[in-house]
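In what follows, a single structure is set out as structure tokens and then discussed.
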Amino acid sequence: MIHAINFAPELIGCGKYTTELAQFLETRGHVIEIVTAPPHYPGWFVRAPYQKGAYVTEAFGSMRVTRCPMTTKAGAPGLWRLIAPLSFAAAAAPMVAWRIFRFRPNVVICVEPTLMSAPAALIAAKLCGARSLLHVQDLEVDAAFEVGHLNGGTIRRVANIFESWFLARFDRVVTISQKMQHALLAKGLSPQKVSVLRNWVDTAAIVPEPRTTNAFRDELGMPSDAFVVLYAGNLGPKQALDMLIAAARRLEGEYDIYCVIAGAGPMRDALQKQSVDLPNVRFLPLQPAERMSELLALADLHVLTQLKGAADLVLPSKLGGMLARGRPIVATADPGTELFEMLQDIALVTPTGDID
């Protein structure tokens, strides 16, 4: 059983990797059951035809998927980043317990975010004698405070105590980077318990290609010979995309350079307002999987920006697609972070916050 707040048909972020992990395990002969939320990422609103207040059971291939209610608000501002996952965890807990006793799994996988699902996953696994595994895609507690969704020293200390207690109860913990592994060890986990499984990319679907005519250039009204700087992914606070808007403002009128921001998320409206007077900035909605390779081929230069302080709490999943495409990359990362160490020899890396 996999208990995760994100799952298909979400196209990016944790949902993409949880879905592909489930599909891979299924090809290895495992029977998979999913308990998840309605699709809501990256905008934090439930997409039609799903409803945020209903339990729904559906098939995803041969997998049984149970979707549980979640109370959310578009963009999930402030405390909604706490309320939304908490509401899902509370609504999903009885469903997890019921499905555990019907399904009787050998292994229960819980995906962070959200760690709020951990109590139900741990209790259910214990009751049916299953092994428990936590897949950490995001150091959720630390990131919430670093980005500013939550604040207060006392609240953070209490949150860290609960986090460490739940982490220690899983049989195994898997995360996506060495720095995140080190952070988990610093929270009291033993090295024998924590492993690294990096996120992946389908190199058969996204391959290096020569620069050719691209349909997106026509859709966006750009010259065929324009130089395109592309960001594609979640438009959230952690991505610090105001830096890209500031850079585009500096380049306005100087060169035939366009900045394209493709995706969705809570910062999209603010970014569009910041750039409303910039003719060299274009926006695209989140693209379906079948157009992702074409979208990445639009770029002459990929850009990867990060908020200072959050760099080692997450590892951007979009990086795999950028590298597979084989185009130049500019990234913001500070020395000592894992992103800096990964990219320093293969990309242009600048300090976080530096638009020069």
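The values are calculated or read from the model by the stated rules, or taken from the named source; none is laboratory data. Given the structure is predicted, the values throughout are model-derived calculations rather than measurements. Every residue, glycine as well, gets a Cβ built from its backbone with ideal geometry; the counts of neighbours run over all protein chains shown.
Details
- Any hit, the stretch 245-252, residues being free of Cβ contacts under 8 Å to residues at least 12 places away in the same chain and not assigned by TED's automatic domain parsing to the domain that holds PRO77: no
- Within the set ALA74, ALA37, ALA48, ALA97, the sole residue that is free of Cβ contacts under 8 Å to residues at least 60 places away in the same chain and more than 25 Å from LYS126 (Cβ to Cβ) turns out to be ALA48.
- The stretch 78-112, subset at pLDDT 95 or above and not in a helix (DSSP H, G or I), residue surrounded by the fewest Cβ atoms within 10 Å (Cβ to Cβ): ASN106
- VAL303 without any contact (Cβ under 8 Å) to a residue 24 or more places away in the chain and buried (at least 19 other Cβ atoms within 10 Å of the Cβ): no
- Within the stretch 333-344, not a single residue is more than 24 Å from LYS187 (Cα to Cα), assigned to a loop (DSSP other than H, G, I, E, B) and of a type in the set (D, E, K, R).
- Filtered residues of the stretch 131-159 (kept if among the hydrophobic types (A, V, I, L, M, F, W, C) and assigned to a loop (DSSP other than H, G, I, E, B)): LEU139, LEU150
- LEU184, sole failed condition from (1) within 23 Å of THR305 (Cα to Cα); (2) among the hydrophobic types (A, V, I, L, M, F, W, C); (3) assigned by TED's automatic domain parsing to the domain that holds HIS40: (1)
- Leading residue by the ranking (surrounded by the fewest Cβ atoms within 10 Å (Cβ to Cβ)) among those in the stretch 121-130 that are of a type outside the set (Lys, Arg) and assigned to a helix (DSSP H, G or I): LEU127
- Among the residues listed as LEU235, LEU184, LEU230, LEU189, the single one being without any contact (Cβ under 8 Å) to a residue 60 or more places away in the chain, in contact with a strand residue (DSSP E or B) (Cβ under 9 Å, 6 or more places away or on another chain) and closer than 30 Å to PRO77 by Cα: LEU184
- Matching residues, the stretch 22-40, being among the aliphatic types (A, V, I, L, M), buried (at least 18 other Cβ atoms within 10 Å of the Cβ) and out of contact with any helix residue (DSSP H, G or I) (no Cβ under 6 Å at 6 or more places or on another chain): ALA22, ILE34
- Of all the residues in the stretch 308-332, those that are not in a loop (DSSP other than H, G, I, E, B) and not β-branched (Val, Ile, Thr) number 8.
- Qualifying residue in the stretch 304-313 (condition: under 20 Å from THR213 (Cβ atoms) and in contact with a strand residue (DSSP E or B) (Cβ under 9 Å, 6 or more places away or on another chain)): no
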